[in-house]
Amino acid sequence: QVQLVESGGGLVQPGGSLRLSCAPSGSIFSINAMGWYRQAPGKQRELVARIMSGGSTNYADSVKGRFTISRDNAKNTVTLQMNSLKPEDTAVYYCNAELRRYAYTNPGNYWGKGTLVTVSS
């Protein structure tokens, strides 16, 4: 069974930076889109940033200019560099990937368990 494993969450002061990383735990055939979503207490899960296999990206308006998503296709990893963090960025961040486990399977949507990011002084 493939799982997405996240790392890099924690507590940071406003204006600080954090870096989140994610990679699948098992072997896979290919990954199409990879991205990060977040869910703050009492709110719905929302897209933060997404990157396609060709490198095209899209970001939530609230993080444009502060967050950067990147991926290493050779290592099947996705990274979210978060700068100038604000208290409103506090949330559980979830890694997401659309991937194929084998060449003969259809793409499936996979989620990590989430990593908590807390921005507070």
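State whether the residues of the stretch 74-90 include one that is touching a Gly at 6+ places or on another chain (Cβ under 6 Å) and of a type outside the set (S, T, N, Q). Yes: the stretch 74-90 contains one or more residues that are touching a Gly at 6+ places or on another chain (Cβ under 6 Å) and of a type outside the set (S, T, N, Q).
If you go through the stretch 93-117 and keep only what is at pLDDT 95 or above, surrounded by fewer than 18 Cβ atoms within 10 Å (Cβ to Cβ), hydrophobic (A, V, I, L, M, F, W, C) and farther than 14 Å from Arg50 by Cα, you end up with just Leu116.
Tell me, please, whether a residue that is loosely packed, with under 12 Cβ neighbours inside 10 Å, touching a Phe, Trp or Tyr at 6+ places or on another chain (Cβ under 8 Å) and over 27 Å from Leu11 (Cβ atoms) can be found in the stretch 59-80. No: zero hits.
Inclusion of Gly15 among residues that are modelled with pLDDT of 95 or more, surrounded by fewer than 13 Cβ atoms within 10 Å (Cβ to Cβ) and not β-branched (Val, Ile, Thr) is warranted.
Return the residue satisfying two criteria in turn: it lies in the stretch 49-71 and is among the hydrophobic types (A, V, I, L, M, F, W, C) and in a strand (DSSP E or B), and of such residues it is farthest from Ser120 (Cα to Cα). Only one residue tops the list, namely Ile51.
With the requirement that a residue be assigned to a strand (DSSP E or B), in contact (Cβ under 8 Å) with a residue 24 or more places away in the chain and not hydrophobic (A, V, I, L, M, F, W, C), what does the stretch 24-48 give you? Within the stretch 24-48, Pro24, Ser30, Asn32, Gly35, Tyr37, Arg38, Gln39 meet the criteria. Of the residues screened, Ser21 is one that is assigned to a strand (DSSP E or B), polar (S, T, N, Q), open to solvent by less than 60 Å² (accessible area, probe 1.4 Å) and within 25 Å of Ser120 (Cβ to Cβ).
The values are calculated or read from the model by the stated rules, or taken from the named source; none is laboratory data. No experiment lies behind these values; they were computed from the predicted model shown. A quick note on method: Cβ atoms are made from the backbone with ideal geometry, for glycine too, and the neighbour counts reach across all protein chains shown. Areas reflect the complete protein model, heavy atoms only, side chains present, ligands, DNA and RNA absent. Shrake-Rupley method; radii C 1.70, N 1.55, O 1.52, S 1.80 Å.
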